[in-house]
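For reference, the structure discussed in these notes is given below.
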Amino acid sequence: MYDVIGIGIGPFNLSLAALMKPTGLRCLFIDDKPSFAWHAGMAFSNAKLQVSHVKDCVSLVDPTSSFSFLNFLHRSGRLHAFVNRRSGAVSRKEFSQYFAWVADQLPYLRFGQKALDVRTEISHFRVTTTEAEYQARHVVLGLGICPNVPDCVRPLLGERVYHVADYLNRAPPAAGERVLLVGGGQSGSEVMEQLLAGPPLKQILWVTPRDNLEPRDDCAFTNEYYTPAYFRHFQAQPLSRRREWVQVKRLSSDGVSLDLTNQLFDKIYERRFVDSENDGVRLIVSACLEGLRQNGAGFEVTLKCTETAATRRAPVDCVILATGFVPHTPPFFNRIMQLACIEGSLPRIRSDYSLESRIALPGKIYFQNRTRIQHGLQNANLSLVAYRNATIVNSIMGKEFYPVDMDRSMLSRLAELEEEW
């Protein structure tokens with residue numbers, strides 16, 4: 001009998017596992033991957049973390065933890081060199097090394113085990129994997145994401161047509177080839193940077209349904225949206241307001257790093273105007289991939305304008321999809337959803353990230369993600385991962401093991417002000 005079983009070992013459940021270490025709780029975390037990996041196919045050497053490195057597994061709730069990024073730098077003999085760097089951003093590759101370092105120190109992580117089922121019993125949950133059956137008082141779902149691939153592309157996936165998640169596992173486009181890159185978010189922009197730095201290509205068609213390359217809003221006051229104080233305010237709003245806010249404020253989480261947008265503009269400008277070469281680079285906005293078919297050794301793509309519905313065909317040799325990710329949904333997840341109380345077609349999730357169920361459960365089922373509308377844009381990035389997991393730990397233990405409500409917000413609201421200013 002475990003106190004907690006976590007299903008999935010990505011950054012979110014890894015943070016929970018690290019924060020569990022000093023609690024004395026008996027826990028187990030399982031994942032079907034052979035070892036810890038965080039977007040390994042996208043670990044470009046120039047790809048930067050979009051949040052502060054202090055937003056690691058533990059630091060924002062336990063700055064003294066041995067699992068902090070700062071301790072990782074110290075233990076790996078690079079702390080002074082890191083401090084002396086003039087660049088403020090940490091590479092995703094280095095942060096992935098940090099995550100793997102944390103995972104190596106936690107003996108209750110089990111890789112190579114796939115969760116097959118989660119069932120409710122009278123006094124516990126029964127978790128079945130490819131290796132064994134376990135009992136748990138509580139379950140934490142960190143099921144992760146998988147590539148979002150348009151239906152028209154699926155039959156042709158392979159060495160020449162692939163999602164950006166596999167970019168580093170494929171041979172790069174060769175000199176003289178024609179490449180279609182679909183998606184104008186952060187990962188699409190990082191791939192574009194790779195293509196511009198590689199062998200000279202005959203043509204790059206960069207297609208995005210957005211009407212421009214939209215930069216991420218990363219100013220100091222915008223980042224106040226990603227604090228515990230704002231999270232509590234957000235959660236107190238009616239569902240309709242939360243839906244609206246997530247859409248209006250999406251560029252605080254879902255845009256391209258401003259430095260990268262400027263670098264790409266400069267590189268394309270130099271090629272097109274200063275070098276006076278027929279660069280063949282086209283950023284096509286307000287367009288989507290409508291169709292793809294084999295055409296000899298290459299492919300024919302059909303692009304559709306999202307404004308006029310007009311279409312145009314073009315020959316290409318390689319297709320790279322930066323079309324984002326969708327939640328991974330194993331069969332047992334749908335059965336869990338049948339237990340949920342529903343509000344506006346969404347499961348109701350409490351402030352401690354646990355599912356509100358229609359029936360009495362033997363314990364709690366916690367959600368690490370999939371609650372963007374319920375809990376805000378922070379649900380999908382690293383900003384509040386330590387706070388979220390400290391909240392889950394406190395909920396499981398029934399006491400405040402980690403203080404989570406100490407920080408004061410830079411933003412004030414009339415209802416929160418004292419009567420006399």
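The values are calculated or read from the model by the stated rules, or taken from the named source; none is laboratory data. The structure displayed is predicted, hence computed values, not measured ones. Note: ideal-geometry Cβ built from the backbone for every residue, glycine included; neighbour counts use all protein chains shown. The area values use the complete protein model at the heavy-atom level, side chains included, leaving out ligands, DNA and RNA. Shrake-Rupley method; radii C 1.70, N 1.55, O 1.52, S 1.80 Å.
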With a ≥ b ≥ c taken as the square roots of the eigenvalues of the C-alpha gyration tensor of segment 89-175, please select rounded if a/c is under 1.5 and otherwise prolate if a/b is larger than b/c or oblate if it is not?
-> oblate
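Residues of segment 128-248: accessible area per residue at 1.4 Å, in Å²?
Roughly 45 Å² per residue, with all protein chains present.
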Ranking Phe299, Cys288, Gly324 by how far each Cα lies towards the positive end of the charge dipole of segment 271-324 (+1 on Lys and Arg Cβ, -1 on Asp and Glu Cβ), the top one is Cys288
Using θ = phi - 60° and the Karplus curve 6.51 cos²θ - 1.76 cosθ + 1.60, what whole-Hz ³J(HN,Hα) does each residue of segment 398-405 get, with Gly and Pro shown as x?
-> x, 7, 8, 5, 10, x, 10, 10
Whole-Hz couplings from phi, Karplus 6.51/-1.76/1.60, listed for segment 361-370; x for Gly and Pro = 9, x, x, 10, 10, 9, 10, 7, 8, 6
With Cβ to Cβ distances under 11 Å as the rule, what net charge do the other residues near Leu289 carry (K, R +1; D, E -1)?
-> -1
Hz values of 3J(HN,Hα) by residue in segment 311-327 - Karplus curve (6.51, -1.76, 1.60), Gly and Pro given as x | 10, 8, 9, 8, x, 9, 9, 8, 10, 10, 9, 10, 9, x, 9, 10, x
Quick note, segment 216-324: a/c under 1.5 would make it rounded; otherwise a/b > b/c is prolate and the rest oblate (a ≥ b ≥ c, C-alpha gyration tensor); here it is oblate
Portion, in percent, of the accessible area of the chain that falls on carbon or sulfur, probe 1.4 Å | 51
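Return a whole-number percent for the relative contact order of the chain, with Cα pairs under 8 Å and 6 or more residues apart as the contact set.
With pairs under 8 Å counted, the relative contact order is 21 percent.
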Förster radius 25 Å - calculated FRET efficiency between Asn262 and Leu79 (Cβ-Cβ, nearest 0.05) = 0.25
For Leu292, other-chain or 5+-apart residues with amide H closer than 5 Å (H placed, Pro excluded) are Thr302
Residues whose built amide H sits under 5 Å from the amide H of His163, excluding neighbours closer than 5 in sequence, are Leu321
For segment 283-327, just say rounded, prolate or oblate: build the C-alpha gyration tensor, square-root its eigenvalues into a ≥ b ≥ c, call rounded for a/c under 1.5, and beyond that prolate if a/b exceeds b/c, oblate if not.
-> oblate
Using Cα pairs under 8 angstrom and six or more residues apart, how large is the relative contact order of segment 127-199, in percent?
-> 20
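Rounded to the nearest whole Å², what accessible area per residue is found for segment 20-106 with the 1.4 Å probe?
That works out to 50 Å² for each residue.
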What are the lysines whose alpha-carbon lies under 18 Å from the alpha-carbon of Lys267, with same-chain residues fewer than 8 places away excluded?
-> Lys202
If every Lys and Arg gets +1 and every Asp and Glu gets -1 at its Cβ, then about the Cα centre the chain yields a dipole, in debye to the nearest 20, of 680
Partner lysines whose C-alpha sits under 30 Å from that of Lys114, ignoring same-chain residues fewer than 8 away, are Lys21, Lys33, Lys55, Lys93, Lys364
In Å², what does the accessible area per residue of segment 308-408 work out to with a 1.4 Å probe?
-> 45
What does a probe at Phe325 reach in segment 113-151, counting residues whose amide N is under 15 Å from the point 7 Å along Cα→Cβ?
-> 142-149
For every helix of n ≥ 4 consecutive DSSP H residues, a contribution of -39,500 (n - 2.57) applies; sum these over the chain, divide by its total residues, and give [θ] at 222 nm rounded to the nearest 500 deg cm²/dmol.
-> -7000 deg cm²/dmol
